[in-house]
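Data block below; observations after.
The values are calculated or read from the model by the stated rules, or taken from the named source; none is laboratory data. Computed from a prediction, not measured in an experiment: that's the story for all the values here. Every residue, glycine among them, receives a Cβ derived from its backbone with ideal geometry; neighbour counts consider all protein chains shown.
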Amino acid sequence: MKILLLSFYYPPDLSAGSFRASALVSALLEKLPQTGHIELITTMPNRYNSYRQVANDNIEEHEQHPRLTIHRVAVPQHQSGMKDQSKAFLNYARSVLRITRNQSVDLVFATSSRLMTAALGALLSRRLKAPLYLDIRDIFVETLRDVLSPKISWLAKPIFGPVESWTIHYATRVNLIMPAFLGYFESKYPRRTFSVFTNGIDPEFLDWTPESKFRIINDPLTIVYAGNMGEGQGLHKIVPALAKRLEGQARFVLVGDGGKRLQLENALAERNCKNVQIRNPVSRTELIEIYQQADVFFLHLNDYNVFLNALPSKLFEYGALGKPILAGVSGYAARFIQENLDNAQTFTPCCPEEGIKAFFALRRETFPREKFVETFDRRNIMRNMADDVLITAKEPDSIVR
């Protein structure tokens with residue numbers, strides 16, 4: 001059995017899609033027969049320019065492992081804008097089509113947040129005459145409406161709407177990364193049956209779960225955020241105001257990069273915030289060291305309607321480590337936190353007054369969240385997903401299309 005797997009991001013690149021793809025590959029290799037093989041086509045690390053060179057120094061464009069071949073496509077440097085990302089994807093797509101020319105595979109698997117990797121998977125599935133398994137990580141057509149200007153969104157939606165429809169209809173099996181997506185996809189594609197295998201906690205963080213409760217005595221408290229600094233996170237709209245109000249009581253350590261980092265830095269400078277440190281993206285090993293120094297974890301999504309159905313994967317890392325969580329989220333993410341994470345306070349996005357109240361409502365203690373860890377252990381989730389993928393490869397006609 002041969003599986004062709006498409007993921008625009010893959011370790012050592014730093015992204016939720018990268019870590020998810022890696023976990024699935026590991027689970028598939030556990031379950032594939034000895035004669036099975038995975039051919040993975042991804043990119044050279046490119047998510048963050050500030051991390052790109054560090055990551056690229058240690059990897060090759062082509063890797064051969066037992067039952068796994070990895071092709072890494074070099075893509076142009078970009079700043080996370082639509083134009084730059086489009087150029088990067090087109091470069092990736094051309095390389096994928098070249099690499100797969102005249103191949104024979106038993107299944108095409110594509111994991112996608114911005115839809116186009118999924119559409120590329122559908123194109124390859126048709127060309128290679130193989131079943132298609134899609135892993136959908138975002139509602140891209142809805143996201144366009146909120147993150148783009150109305151004029152550009154008006155032009156883009158009539159293009160991407162039909163692309164989404166064709167891609168979903170062509171797939172043999174479609175997985176959604178969170179239950180909140182079901183309402184959108186089931187209403188648009190009522191004849192389809194969708195699976196839901198969520199994100200989860202990676203083993204690196206499971207090794208650092210606390211064994212017992214202990215009180216946090218540091219003063220001021222260290223609030224840590226790690227991740228993207230783009231329009232979706234809206235850090236530039238919330239952190240400067242929170243930091244200024246919490247001077248002397250808390251310091252912020254922000255780790256990452258993204259399209260709005262400069263705007264964030266400018267906003268902090270305008271308010272003369274002295275209690276915020278911004279660091280470039282780091283490896284997971286270094287990130288865990290930073291997490292160990294944190295007293296509180298911070299999370300924020302911009303106040304866009306599309307994020308009412310979002311669940312940041314960062315929550316799984318935060319939750320496993322047992323520390324207090326301060327989250328500016330609403331909708332599904334707020335409900336998820338309330339139902340699954342004790343000593344986590346939510347507030348309305350971009351509302352610093354509520355954020356201050358939520359901060360002071362946190363208990364100064366760290367403790368094991370045993371039920372959360374057991375439920376969302378990524379290894380178990382991906383093993384179940386791997387079974388679903390292999391069933392699709394073996395019996396594609398039995399899957400409802």
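Scanning the range 264-279 for residues that are touching a strand residue (DSSP E or B) at 6+ places or on another chain (Cβ under 6 Å) and under 20 Å from Gln249 (Cα atoms) yields Leu268, Asn275, Val276, Gln277, Ile278. Comparison of Ala267, Ala241, Ala327 shows that the only residue that is under 28 Å from Gln85 (Cβ atoms), more than 21 Å from the chain's Cα centre (by Cα) and either touching a residue at least 24 places away in the same chain (Cβ under 8 Å) or in a strand (DSSP E or B) (or both) is Ala267. Count of the range 180-201 residues, restricted to those that are exposed (fewer than 13 other Cβ atoms within 10 Å of the Cβ) and of a type outside the set (Gly, Ala, Ser), is 3.
Out of curiosity, is Phe297 in contact with a helix residue (DSSP H, G or I) (Cβ under 6 Å, 6 or more places away or on another chain), under 22 Å from Ala180 (Cβ atoms) and not in a loop (DSSP other than H, G, I, E, B)? Yes. When Ala344, Ala361 are checked against the criterion of being surrounded by 15 or more Cβ atoms within 10 Å (Cβ to Cβ), modelled with pLDDT of 95 or more, assigned by TED's automatic domain parsing to the domain that holds Gln249 and out of contact with any Gly (no Cβ under 6 Å at 6 or more places or on another chain), a single residue qualifies: Ala344. Within this structure, Glu231 passes the test of being surrounded by fewer than 21 Cβ atoms within 10 Å (Cβ to Cβ), touching a residue at least 40 places away in the same chain (Cβ under 8 Å) and assigned to a loop (DSSP other than H, G, I, E, B). Just one of the listed residues (Ala250, Ala294, Ala310, Ala267) is under 28 Å from Gly331 (Cα atoms) and in contact with a Cys (Cβ under 9 Å, 6 or more places away or on another chain), and it is Ala267. Within the range 81-118, the set of residues being under 17 Å from the mean Cα position of the chain (by Cα) and not basic (Lys, Arg) comprises Gln85, Ala110, Thr111, Ser112, Ser113, Leu115, Met116, Thr117, Ala118. Filtered by the rule that a residue be of a type in the set (Ser, Thr, Tyr) and in a helix (DSSP H, G or I), the range 278-293 gives Thr285, Tyr291.
Within the range 89-139, the set of residues being among the charged types (D, E, K, R), part of a helix (DSSP H, G or I) and crowded, with 18+ Cβ neighbours inside 10 Å is empty.
Only residues that are touching a residue at least 24 places away in the same chain (Cβ under 8 Å), under 22 Å from Thr366 (Cβ atoms) and not polar (S, T, N, Q) were counted in the range 283-312, giving 13. Taken over the range 337-377, the criterion of being assigned to a helix (DSSP H, G or I) and touching a Ser or Thr at 6+ places or on another chain (Cβ under 9 Å) is satisfied by Ile337, Gln338, Asn340, Glu354, Gly355, Ala358, Glu370, Val373.
Here Arg383, Arg369, Arg379, Arg335 are screened, and the one residue that is over 22 Å from Ala226 (Cβ atoms) and in contact with a helix residue (DSSP H, G or I) (Cβ under 8 Å, 6 or more places away or on another chain) is Arg383. The one condition from (1) modelled with pLDDT under 95; (2) farther than 22 Å from Leu308 by Cβ that Asp146 does not meet is (2). Within the range 1-34, the only residue that satisfies the criterion of being modelled with pLDDT under 95, of a type in the set (S, T, N, Q) and more than 13 Å from the chain's Cα centre (by Cα) is Gln34.
Restricting to the range 214-233, what's the tally of residues that are in contact with an Asp or Glu (Cβ under 6 Å, 6 or more places away or on another chain) and of a type outside the set (A, V, I, L, M, F, W, C)? Matching residues across the range 214-233 total 3. Of the residues making up the range 220-231, those that are out of contact with any Gly (no Cβ under 9 Å at 6 or more places or on another chain) and either among the aromatic types (Phe, Trp, Tyr) or over 22 Å from Glu270 (Cβ atoms) (or both) number 3.
Determine, yes or no, whether Phe316 is of a type outside the set (Ser, Thr, Tyr), buried (at least 17 other Cβ atoms within 10 Å of the Cβ) and touching a residue at least 60 places away in the same chain (Cβ under 8 Å). Judged against the criteria, Phe316 is a match. Among the residues of the range 251-264, at least one is assigned to a helix (DSSP H, G or I), at pLDDT 95 or above and closer than 21 Å to Glu353 by Cα.
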